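Presented below is the structure to which this report refers.
The values are calculated or read from the model by the stated rules, or taken from the named source; none is laboratory data. Note that this is a predicted model, so its numbers are computed, not measured. Cβ sites come from the backbone with ideal geometry, for glycine too, and all protein chains shown count toward neighbours. Accessible surface is based on the protein model in full, side chains and every heavy atom, while ligands, DNA and RNA are left aside. Shrake-Rupley method; radii C 1.70, N 1.55, O 1.52, S 1.80 Å.
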Amino acid sequence: MSTHQQPLQNKQNRLLAGFPSEELTALHPHLEQVSLEHGQIIISPDEPIEFVYFPLNSLLSLVTLMENGSTVESGCIGREGMAGVPVLLDANTTPMQTLVQIPGQAVRIKAGIIKEAFDRSSALQKIFHRYIHTVIVVGSQSAACNRLHQIEARLSRWLLMSSDGVGSEELHLTHEFLATMLGVRRSGVSETASKLQGRGLISYRRGHIQILNRKNLETAACECYGMVKAEYNRLFG
């Protein structure tokens, strides 16, 4: 759903906030703030990418679809980034699906327009190249994390990443989603979330998780959270 009538809150997205003012001014007439609903598919597998999305307070999931119908979520995108990176890499389709995991606001722009801006602006190329690097780092670190770290550390990491992505300590995340993200059974997520709640780090009820003690949750998380966050901050400040 479009929200043309309200002022665009570009600076809520860290990537957009880093655009040079002249580039952002030129793009402004083409930017559209939209409301995203839970489960909404914004990029479909093997179909042309029509829009690039910059989340403001929503959280997007990157999903890999298998032949047997099963799905694996390989990453999330919040206010630190954008959905539609293949457009910048001269690929107008992707086999992956992007859907809305936490509803909220985002700014979108037609894929062709952002690609034209990217091609002509060395400043935007520098920003996007750095962001693409962070996407690669997150994907690589996630693969290592899922292989080597225990579920409590991994769950703590995902909760912190999701919180950073939407800019809130309150998260509307189902245990089914977290189980898929972590590659474990739902019962494993429920048991681990119960332990974190018992230690006063989070509170949770169906579909709703609140971080109560962020400092201790960061201690419970694996090293991957701090490493990825530090790399993003190194590149974007």
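Add -39500 (n - 2.57) for each DSSP H run of 4 or more in the chain, then divide by its residues: what number comes out at 222 nm, to the nearest 500 deg cm²/dmol?
Values: 10 runs with 110 residues, N = 237.
Using -39500 (n - 2.57) per qualifying helix, the result is -14000 deg cm²/dmol.
Considering Cα pairs under 8 angstrom that are at least six residues apart, work out the relative contact order of the chain and quote it in whole percent.
20
How high is the relative contact order of segment 39-95, in percent, with contacts defined as C-alpha pairs under 8 Å that are six or more residues apart? Walk me through the numbers before you get to the answer.
On the way: 79 pairs, mean separation 24.2, N = 57.
Across segment 39-95, relative contact order equals 42 percent.
How high is the relative contact order of segment 63-171, in percent, counting Cα pairs under 8 Å that sit 6 or more residues apart?
Working: 60 pairs, mean separation 34.3, N = 109.
RCO, segment 63-171: 31 percent.
About its Cα centre, what dipole magnitude does segment 69-192 give when the only charges are +1 on Lys and Arg Cβ and -1 on Asp and Glu Cβ, stated in debye to the nearest 20? Walk me through the intermediate numbers first.
Values: 12 positive and 11 negative charges, 63 e Å.
Dipole size: approximately 300 debye.
Between Thr219, Thr180, Thr94, where does the largest GNM mean-square fluctuation fall for the chain, given springs only between Cα atoms within less than 10 Å?
Maximum fluctuation in the GNM of the chain, among the listed residues, is at Thr219.
Choose one of Tyr53, Thr219, Ser162: the residue whose Cα lies farthest towards the positive end of the charge dipole of the chain (beta-carbon charges +1 Lys, Arg; -1 Asp, Glu; about the Cα centre).
Among Tyr53, Thr219, Ser162, the one farthest towards the positive end of the dipole of the chain is Thr219.
At a 1.4 Å probe, what is the % contribution of carbon and sulfur to the accessible area of segment 124-200?
Details: 1810 of 3490 Å².
Ligands and nucleic acids excluded, carbon and sulfur reach 52 percent.
Using a 1.4 Å probe on the protein heavy atoms only, what accessible surface does Ile49 show? Give it in Å² to the nearest 10.
Spelled out: Ile49, probe radius 1.4 Å, area about 20 Å².
Mind listing the Cα extents of segment 21-81 along all three principal axes, in Å, largest one first?
Its Cα atoms span 47, 24, 18 Å along the three principal axes.
If you count only protein heavy atoms with a 1.4 Å probe, what accessible area per residue comes out for segment 65-180, rounded to a whole Å²?
Working: 5050 Å² over 116 residues.
Accessible area per residue, segment 65-180: 44 Å².
Looking at this model, which pairs from Lys126/Lys215; Lys11/Lys215; Lys126/Lys229 are more than 30 angstrom apart at the alpha-carbon? Don't jump to the answer; show the numbers that get you there.
Values: Lys126/Lys215 33 Å; Lys11/Lys215 26 Å; Lys126/Lys229 19 Å.
Long pairs (Cα-Cα over 30 Å): Lys126/Lys215.
Helix 223-236 versus the longest principal axis of the chain: what angle, 0 to 90°, nearest 10, using Cα atoms?
Here the helix axis deviates by roughly 20 degrees.
Placing +1 at every Lys and Arg Cβ and -1 at every Asp and Glu Cβ, with all other atoms neutral, what dipole size does the chain have around its Cα centre, in debye to the nearest 20? All intermediate terms of the calculation are to be shown ahead of the outcome.
Numbers: 22 positive and 22 negative charges, 158 e Å.
Approximately 760 debye in magnitude.
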